[in-house]
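The values are calculated or read from the model by the stated rules, or taken from the named source; none is laboratory data. In this text the structure is predicted, and so the values were computed from the model without any measurement. Positions of Cβ are backbone-derived with ideal geometry, glycine not excepted, and every protein chain shown enters the neighbour counts. Ligands, DNA and RNA are excluded from the accessible area calculation, which covers all protein heavy atoms including side chains. Shrake-Rupley method; radii C 1.70, N 1.55, O 1.52, S 1.80 Å.
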Amino acid sequence: LAPLLRTKASPGFLNKFFYKSISERLGSPDEFYDPLVLWEDAERVRQFYMDHGFQDGRVDTALHFLSGASLVEVTLRITEGYRSVIDSLTLKGIVNAPGEVARAIYDEPGVTCGHPFSKALMEEEVKRIVRVLRNAGYARALFQRESSSVTYRTSSRNYSVMLAFSMGQRYNFGDVSVRNELEETRPDINPEDVLHQLDYVPSEVFNEEKVR
């Protein structure tokens, strides 16, 4: 959570050892208490927990002003509460996919029903499905964010997720040619030798990873 916070401790004899190196904090200026910055910190931490399924999580702040010193100790008290899971997960737009493509999508999911909700994991699952499609000939496959939904249900305190995709047309590799755009040809470079270095051949199903 530390990277989320803009509120920092002033450099001193004790806290300097919590950094990667002493020189990282020696000579740094004092950090001054700013209630607005602290509020923004608490909101970022709150959002972090929400993105990981803690819809009811609470972040409370406590301040202790030290007498005889111009210092204030800041405490963030976090109450995680119930962690929501994915109640239902629907994929929309995966239509008439060949058997091997459907199996790659449905039989090897990164997220399943009953899994704790995580915004980051959902984003990774979207990337995985688009990658499967584009490596299976659907070169223009896209995730349709505006047609997708993530719904929090207060009755169950869990999430219902619907992810929409556009598969598009399925493509095969066409003929491949090698052209030298230099004025002088290179007798030591044979176009056929260049073609042999490719990972794909004409008429093979398009695979995005093979052309990178």
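Points to keep in mind about this one:
- Test: residue in the stretch 52-64 that is closer than 17 Å to His115 by Cβ, open to solvent by 50 Å² or more (accessible area, probe 1.4 Å) and either in a strand (DSSP E or B) or not charged (D, E, K, R) (or both): yes
- For Ser155, the conditions (1) of a type in the set (Gly, Ala, Ser); (2) open to solvent by less than 60 Å² (accessible area, probe 1.4 Å); (3) out of contact with any helix residue (DSSP H, G or I) (no Cβ under 6 Å at 6 or more places or on another chain) all hold with the exception of (2).
- Within the stretch 89-116, the set of residues being polar (S, T, N, Q) and modelled with pLDDT of 95 or more comprises Thr90 only.
- Checking each residue in the stretch 65-81 for being at negative phi, assigned to a loop (DSSP other than H, G, I, E, B) and exposed (fewer than 11 other Cβ atoms within 10 Å of the Cβ) picks out Leu66, Ser67, Ala69, Ser70.
- Hits in the stretch 95-146 (condition: open to solvent by 50 Å² or more (accessible area, probe 1.4 Å), under 25 Å from Arg212 (Cβ atoms) and of a type in the set (Lys, Arg)): Arg103, Lys127, Arg131, Arg134, Arg140, Arg145
- If you filter the stretch 32-51 down to residues that are loosely packed, with under 13 Cβ neighbours inside 10 Å and within 28 Å of the chain's Cα centre (by Cα), you find that the one that is modelled with the lowest pLDDT is Trp39.
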